[in-house]
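Asker: Below is one structure. I have some questions about it.
The values are calculated or read from the model by the stated rules, or taken from the named source; none is laboratory data. The model shown is predicted, which means the values in this text are computed figures rather than measured ones. Every residue, glycine as well, gets a Cβ built from its backbone with ideal geometry; the counts of neighbours run over all protein chains shown. SASA here: full protein model, heavy atoms, side chains in, ligands and nucleic acids out. Shrake-Rupley method; radii C 1.70, N 1.55, O 1.52, S 1.80 Å.
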Amino acid sequence: MITVKEWRERLESERCYDLILELFERIERSKLNAFITLNKYEALRLAEDYDRGKINGKLAGIPVAVKDNICTKGLRTTCASKMLQNFIPPYDAHVVERLREEGAIIIGKTNMDEFAMGTTTETSYFGVVKNPYDLERVAGGSSGGSGACLHNESVLALGSDTGGSIRCPASFCGVYGLKPTYGLVSRYGLIPYANSLEQIGPMANSIEDLALLLEVIAGKDERDSTNAGINFRFNPESRRYKIGVVKEMNARDDVMEVFNEIVEVLRGEYEVVEVSLSSLKYALPAYYIIAMSEASSNLARYDGVRYGHALERLDSWTKYFSKVRAEGFGEEVKRRIMLGTYALSAGYYGRYYLKALRVRTLVKNDFQRAFKYCDLLISPTMPTPAFKIGEIQDPLTMYKMDVNTVPVNLAGIPALSMPIGFVKGLPVGLQVMGNYFEENKILSFALQLVRSYEI
Ligand code: GLN
């Protein structure tokens, strides 16, 4: 697990070219399946440029892995779907432009659940990502590749989080991941799953690295109409925050033990209170209604005409369209398109979609009430540690794994997952939630935790 600081130290005495080459050798030997496409040629060329002193910027010479739903000009971007298996974007996402401007070396595109729909990366057309702590277990999802690669195959990674997809793999792989406030990071060039919920965010091996990557990707971009135009600068505070433990966010007993130990430690240093957010019991179903509804609309564009999987001409348009989509999408994506279409249909719109929007408002209000009273809220990130590959077959049981992460996306607030311990050798994550644009508070608190308790 390499931090930016360690990588920079190595760059003082070694050539960037050799370090990047070593990284690729490791990736090619790896059993994790964290990457879908490697950017070897360009990465090595950039490393050479770095060695010649031609590259500057905040991330000069630092390897970054990019989730495969973020467009990279000239580099295949598949969303881990057969539908886009040959898609080469003609443009860079805003965050990718920012990485390039700051001298980062994009080493490749990371594996994920198909169109970011999942919690384990098992829905990827390119095969499951394995957990670095136990190859028989999942790395989490949907940004599973970005979580797993941080073990030794990259220094920084970008993920996207619609309902927990950064925080879940961060928790399962024992790394740091942050879902920023909705609107802090431009979504331009992020292939959409559920636009009103998702954000691109940083994943890394330390709080400082997370903050550094967030500084680079956050900020103004007029091409995303929901972008807030706000920059981020990390300015660590030493305040003793008031911390709320969210009563409704639970986990299995063994995970709760690790979590409660941390709560006890915190009590010595901070004011810690219990907070109840009663609307959270409706958050999971509301999230899935909204996410699936938006997905059904977003995925209508894959018709085999403009881009993506295509076929020889068939006699009728309807047949062509159905066949392209039947062949191009996997089972989970189809399930969500069907459920989302149903939820939005004339007779059911009021009963499902509108009701889910009302719940969303209640969740937002509940969080606002809590933040009047506390600086930050905490919970276990996931209800369990990483489970076995294939262990959860039933979609509903899988959806329930997101119970602690989705409320954050409904409200649009920022949240971090950081490693706090282990259960039988598997990492456990702490979720730290803050009010809108209070990433600095979240990261300052996390840094205090890391520094004073060496977790
Ligand atoms: N597991 C959640 C879902 O399937 C979250 C996915 C995500 O954040 N992209 O919708």
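Asker: Provide the net charge surrounding residue 361, with neighbours chosen by a C-beta distance below 13 Å and charges set as Lys +1, Arg +1, Asp -1, Glu -1. Each step should come with its number before you reach the end.
Answerer: Numbers: positive: 355, 358, 360, 364, 369; negative: 366.
Result for the neighbourhood of residue 361: +4.
Asker: Amide H of residue 137: which non-local residues (sequence gap of 5 or more, or other chain) have their own amide H closer than 5 Å, using H built in the peptide plane?
Answerer: 131, 389
Asker: Another one. May I ask what percent, to the nearest 5, of DSSP beta bridges between residues of the chain are antiparallel? Intermediate values should be presented prior to the final figure.
Answerer: On the way: 32 of 48 bridges.
In the chain, approximately 65 percent of DSSP beta bridges are antiparallel ones.
Asker: Between residue 437 and residues 5 or more places away or on another chain, which pairs have amide H atoms under 5 Å apart, with H built 1.01 Å from N, and which residues are they?
Answerer: HN-HN under 5 Å from residue 437: 181.
Asker: Probe radius 1.4 Å, ligands and nucleic acids ignored: give me the carbon and sulfur share of the accessible area of the range 369-445 as a rounded percent. It would help to have the intermediate numbers written out before the result.
Answerer: Numbers: 1390 of 2370 Å².
Carbon and sulfur: 58 percent of the exposed surface of the range 369-445.
Asker: Return the carbon/sulfur percentage of the accessible area of the range 134-207, one whole number, probe 1.4 Å, all protein chains in place. Write out the running numbers ahead of the final one.
Answerer: On the way: 350 of 820 Å².
That share works out to 43 percent.
Asker: Residue 435: net charge of surrounding residues, Cβ under 12 Å, Lys/Arg +1, Asp/Glu -1, itself excluded? Could the numbers behind the result be given before it?
Answerer: On the way: positive: 364, 369, 372, 441; negative: 375, 438, 439.
My count for the surroundings of residue 435 gives +1.
Asker: Now a separate question. Rounded to the nearest 500, what is the chain's calculated 222 nm mean residue ellipticity when only DSSP H runs of at least 4 contribute -39500 (n - 2.57) each, over all residues? Walk me through the numbers on the way to the answer.
Answerer: Values: 15 runs with 170 residues, N = 455.
When only DSSP H runs of four or more count, the value is -11500 deg cm²/dmol.
Asker: Using each residue's phi in the range 233-250, evaluate 6.51 cos²θ - 1.76 cosθ + 1.60 at θ = phi - 60° and report the 3J(HN,Hα) Karplus result to the nearest Hz, with x for Gly and Pro.
Answerer: So the Karplus estimates, Gly and Pro as x, are 10, 7, 9, x, 9, 10, 5, 8, 6, 9, 10, x, 8, 7, 4, 7, 9, 10 Hz.
Asker: Which GluC sites (Glu not before Pro) from the range 168-241 combine a DSSP loop assignment with at most 12 other Cβ atoms within 10 Å?
Answerer: Working: sites: 198, 208, 215, 222, 237; in loops: 198, 222, 237.
Within the range 168-241, the qualifying GluC sites (Glu not before Pro) (loop, at most 12 other Cβ atoms within 10 Å) are 222.
Asker: Are any of the pairs 31/334; 67/424; 247/441; 364/424; 54/179; 364/388 more than 24 Å apart by Cα-Cα distance, and if so, which?
Answerer: On the way: 31/334 29 Å; 67/424 29 Å; 247/441 21 Å; 364/424 36 Å; 54/179 33 Å; 364/388 34 Å.
Correct reply: 31/334; 67/424; 364/424; 54/179; 364/388.
Asker: If we count every other residue with Cβ under 11 angstrom of residue 165's Cβ, Lys/Arg +1 and Asp/Glu -1, where does the sum land? Don't jump to the answer; show the numbers that get you there.
Answerer: Values: positive: 67, 167, 179; negative: 113, 161, 198, 402.
For residues surrounding residue 165, the net value is -1.
Asker: Report the full-extension gain for the segment residue 391 to residue 247: residue separation times 0.36 nm, less the Cα-Cα distance, to one decimal in nm.
Answerer: Working: separation 144, 0.36 × 144 = 51.84 nm, distance 2.79 nm.
Taking 0.36 nm per residue and subtracting the Cα distance, the gain is 49.1 nm.
Asker: Please find the FRET efficiency linking residue 18 to residue 346, where r is the Cβ-Cβ separation and R0 is fixed at 56 Å, and quote it to the nearest 0.05.
Answerer: Values: r = 62 Å, r/R0 = 1.11.
It comes out at approximately 0.35.
Asker: Report the calculated FRET efficiency for residue 312 and residue 257 (r = Cβ-Cβ distance, R0 = 56 Å), to the nearest 0.05. Each step should come with its number before you reach the end.
Answerer: Working: r = 59 Å, r/R0 = 1.05.
The formula returns an efficiency of 0.45 here.
Asker: A further question on this structure: Please identify the GluC sites (Glu not before Pro) of the range 268-339 that satisfy two criteria: DSSP loop assignment and at most 14 other Cβ atoms within 10 Å. Which are they? Provide the component values of the computation, followed by the final result.
Answerer: Values: sites: 269, 271, 274, 294, 312, 327, 331, 332; in loops: 269, 312.
Of the GluC sites (Glu not before Pro), the ones in loops of the range 268-339 whose Cβ has at most 14 other Cβ atoms within 10 Å are 269, 312.
Asker: Calculate what fraction, in whole %, of the accessible area of the range 1-101 sits on carbon and sulfur atoms when a 1.4 Å probe is rolled over the protein chains. Working shown, then result.
Answerer: Numbers: 2170 of 4690 Å².
Taking all protein chains in place, the range 1-101 shows 46 percent carbon and sulfur surface.
Asker: Distance from the Cα centre of the range 160-205 to that of the range 44-89, in angstrom?
Answerer: So the separation of the two Cα centres works out to 18 Å.
Asker: Mean Kyte-Doolittle of at least 0.0 plus a Cα span of 18 Å or more along the axis: flag which DSSP H helices in the chain meet both, please. Working shown, then result.
Answerer: Working: long enough: 16-29 (20 Å, 0.10); 253-267 (20 Å, 0.29); 283-298 (22 Å, 0.52); 331-344 (20 Å, -0.16); 355-373 (28 Å, -0.66); 439-453 (21 Å, 0.19).
Result, helices passing both filters: 16-29, 253-267, 283-298, 439-453.
Asker: Ok, one more. Could you tell me which of 96, 453, 410 has its Cα farthest along the dipole of the chain towards the positive end, charges placed at Cβ (Lys, Arg +1; Asp, Glu -1), taken about the Cα centre?
Answerer: 410
Asker: In whole Hz and in residue order, list the ³J(HN,Hα) couplings for the range 148-165 that follow from phi through the Karplus curve 6.51 cos²θ - 1.76 cosθ + 1.60, θ = phi - 60°; x for Gly and Pro.
Answerer: For the range 148-165, the Karplus curve yields 5, 5, 6, 5, 6, 10, 7, 9, 10, 8, 9, x, 9, 9, 9, x, x, 5 Hz.
Asker: Identify the trypsin sites (Lys or Arg not before Pro) of the range 223-258 meeting these criteria: DSSP loop state and at most 15 other C-beta atoms within 10 Å of the C-beta.
Answerer: Of the trypsin sites (Lys or Arg not before Pro), the ones in loops of the range 223-258 whose Cβ has at most 15 other Cβ atoms within 10 Å are 223, 233, 239, 240, 247, 252.
Asker: In addition: Could you tell me the center-to-center distance, by alpha carbons, between the range 335-409 and the range 112-151 in angstrom?
Answerer: Centre-to-centre distance over Cα atoms comes out at 20 Å.
Asker: If I model a spin label at residue 10 and residue 271 as a point 7 Å from the Cα along the Cα→Cβ vector, what separation in nanometres do I get?
Answerer: Label at residue 10, label at residue 271, 4.6 nm between them.
Asker: Okay, moving on. Write down the accessible area per residue of the chain in Å², having rolled a 1.4 Å probe over the full set of protein chains.
Answerer: 39
Asker: Scan around residue 421 for amide H atoms under 5 Å from its own, H built in the peptide plane at 1.01 Å from N, and keep only partners 5 or more places away or cross-chain.
Answerer: Answer set, sorted by chain and number: 428.
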